[in-house]
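As structure tokens, the structure follows; a few thoughts come after it.
The values are calculated or read from the model by the stated rules, or taken from the named source; none is laboratory data. All values derive from a computational prediction rather than experimental measurement. In this analysis, Cβ positions are derived from the backbone assuming ideal geometry, glycine residues included, and neighbour counts consider all displayed protein chains.
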Amino acid sequence: MTTAEYGSQMLSLGGVHHLTGGSKPEGRQTCAALLALCNGDAVDLTIDGGSALTVQAGAAPVVDGTRERRMRVGCGSATIGMFAAQWQGLVDEVVVVDDHITGVVSEHQAGKVLGWAETGIKILGHRSTPGRYFRVSEPGLGWGGTKISDPLEILGPWNARKGARPGLTLLMVSTTGEEYAYYVLDEALVPQPRPLPEALRETVGLIDENCEPSLCTVLFIGGAGGSLRAGVTQNPVRLTRSVQAGATRLTSGGAECFVWPGGGITFMVDVLRLPKGAFGYVPTPALVAPLEFTLPRAAYLAMGGHEGAIRTLADMVGQGGEYATAARLDGWVEGGA
């Protein structure tokens with residue numbers, strides 16, 4: 001299952017339905033895109049009915065031609081939970097604009113704990129729990145991942161019976177601190193823009209400081225097929241059980257893997273932890289990832305391992321693997337490390 005969390009979008013790409021379940025061009029294009037992503041190259045993607053993206057492991061995503069700078073510190077509610085104490089005494093109301101959960105400090109539990117007074121504010125959105133509002137806007141490239149360029153668009157009329165008054169101060173800020181605005185209610189209880197006080201500038205900067213740089217992560221998910229397992233042991237299910245039990249250590253290009261629960265050997269690995277160019281492909285089309293199974297010799301033989309095929313590390317270094325000349329490592333000598 002894929003989802004989105006705190007503004008991080010998660011895409012599931014590939015799989016047999018696209019590699020071999022559709023047309024040949026679809027399979028070839030899917031395989032080429034996956035291979036490039038796994039080997040650390042940039043790939044251009046388009047979402048049906050959505051945005052155009054450039055994705056590259058370890059680099060910031062480019063969305064509709066704009067390179068993202070910051071991950072949000074959290075949703076609007078989380079931002080209030082983190083910084084409400086910083087705002088107390090400096091401003092009467094704070095709204096953190098977010099395309100997921102927009103937060104209002106005077107209504108939020110964090111504000112209540114601090115004794116924050118009511119302000120009579122009204123948010124044009126779907127109220128979830130006190131101080132939390134969904135769907136104040138559709139997602140976009142504006143404030144807090146919304147389509148909003150003017151944050152006052154999400155405010156309704158202020159209610160004097162619930163604390164609104166002339167002179168009440170309002171800070172509106174995004175979940176990255178990149179967008180912010182400061183207002184003061186006039187005699188008609190209409191917010192009027194004012195320069196941001198220096199005392200609040202530091203708190204806005206604190207939001208930005210706590211945001212991680214935007215980053216694409218590419219996780220490869222694959223499985224150890226039956227022929228591969230048969231190449232390790234005469235009874236492949238013993239290898240599966242050994243990996244699932246943790247007796248056999250599974251790595252991919254030397255990188256630690258997360259082994260999924262359930263049948264078979266399905267693993268997940270961060271492609272940036274593998275050597276550059278570690279992934280290949282076969283004409284099926286399908287990707288090929290390096291896999292290593294590490295276990296004591298005695299345990300390997302006990303599971304039905306191919307004893308006659310065992311070679312020493314020194315022999316492998318000196319003579320190479322299956323293809324001796326291509327696999328020889330320059331600078332390694334007999335007994336070297």
Of residues in the stretch 199-212 being among the charged types (D, E, K, R) and surrounded by 13 or more Cβ atoms within 10 Å (Cβ to Cβ), the one modelled with the lowest pLDDT: Asp208
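Condition check ((1) free of Cβ contacts under 8 Å to residues at least 12 places away in the same chain; (2) among the β-branched types (Val, Ile, Thr); (3) under 30 Å from Gly142 (Cβ atoms)) across all residues:
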site: Leu189; (1), (2), (3): no, no, yes
site: Leu196; (1), (2), (3): no, no, yes
site: Arg201; (1), (2), (3): yes, no, yes
site: Leu206; (1), (2), (3): no, no, yes
site: Gly222; (1), (2), (3): no, no, no
site: Gly226; (1), (2), (3): yes, no, no
site: Ala245; (1), (2), (3): yes, no, no
Selection count, the stretch 65-90, where residues are in contact with a Pro (Cβ under 9 Å, 6 or more places away or on another chain) and assigned to a loop (DSSP other than H, G, I, E, B): 4
Residues located in the stretch 190-228, provided they are in a loop (DSSP other than H, G, I, E, B) and closer than 26 Å to Asp99 by Cβ: Val190, Leu196, Asn210, Cys211, Glu212, Ser214, Leu215, Cys216, Thr217, Val218
Residue satisfying all of: in the stretch 296-331; at pLDDT below 90 and of a type in the set (Val, Ile, Thr); surrounded by the most Cβ atoms within 10 Å (Cβ to Cβ) among these: Val317
Checking Gly89 against (1) at positive phi; (2) without any contact (Cβ under 8 Å) to a residue 12 or more places away in the chain; (3) under 31 Å from the mean Cα position of the chain (by Cα), the condition it does not meet: (3)
Residues satisfying the stated conditions in the stretch 106-150, i.e. surrounded by 14 or more Cβ atoms within 10 Å (Cβ to Cβ) and in a helix (DSSP H, G or I): Gln109, Ala110, Gly111, Lys112, Trp143, Gly144, Gly145
Flag for Ala33 being surrounded by fewer than 21 Cβ atoms within 10 Å (Cβ to Cβ), part of a helix (DSSP H, G or I) and modelled with pLDDT of 95 or more: yes
Residue among Glu178, Glu187, Glu153 that alone is out of contact with any helix residue (DSSP H, G or I) (no Cβ under 6 Å at 6 or more places or on another chain), part of a helix (DSSP H, G or I), surrounded by fewer than 21 Cβ atoms within 10 Å (Cβ to Cβ) and not polar (S, T, N, Q): Glu153
Residue match in the stretch 63-85 (condition: farther than 30 Å from Lys112 by Cα, free of Cβ contacts under 8 Å to residues at least 24 places away in the same chain, surrounded by 15 or more Cβ atoms within 10 Å (Cβ to Cβ) and touching a strand residue (DSSP E or B) at 6+ places or on another chain (Cβ under 7 Å)): no
Residue satisfying condition, being of a type in the set (A, V, I, L, M), surrounded by 12 or more Cβ atoms within 10 Å (Cβ to Cβ) and more than 30 Å from Thr176 (Cα to Cα), within set Leu274, Leu196, Leu219, Leu215: Leu274
Pick from the stretch 36-62, criterion touching a residue at least 40 places away in the same chain (Cβ under 8 Å) and at positive phi, ranking: surrounded by the fewest Cβ atoms within 10 Å (Cβ to Cβ): Gly58
Count - residues of the stretch 1-30 that are part of a loop (DSSP other than H, G, I, E, B) and either under 15 Å from Leu219 (Cβ atoms) or touching a helix residue (DSSP H, G or I) at 6+ places or on another chain (Cβ under 7 Å) (or both): 11
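Name the residues in the stretch 213-234 that are farther than 26 Å from Val16 by Cβ and either modelled with pLDDT under 90 or in contact with a His (Cβ under 8 Å, 6 or more places away or on another chain) (or both), would you?
Within the stretch 213-234, the subset farther than 26 Å from Val16 by Cβ is 213-215, 234.
Matches in the stretch 213-234: Gln234 only.
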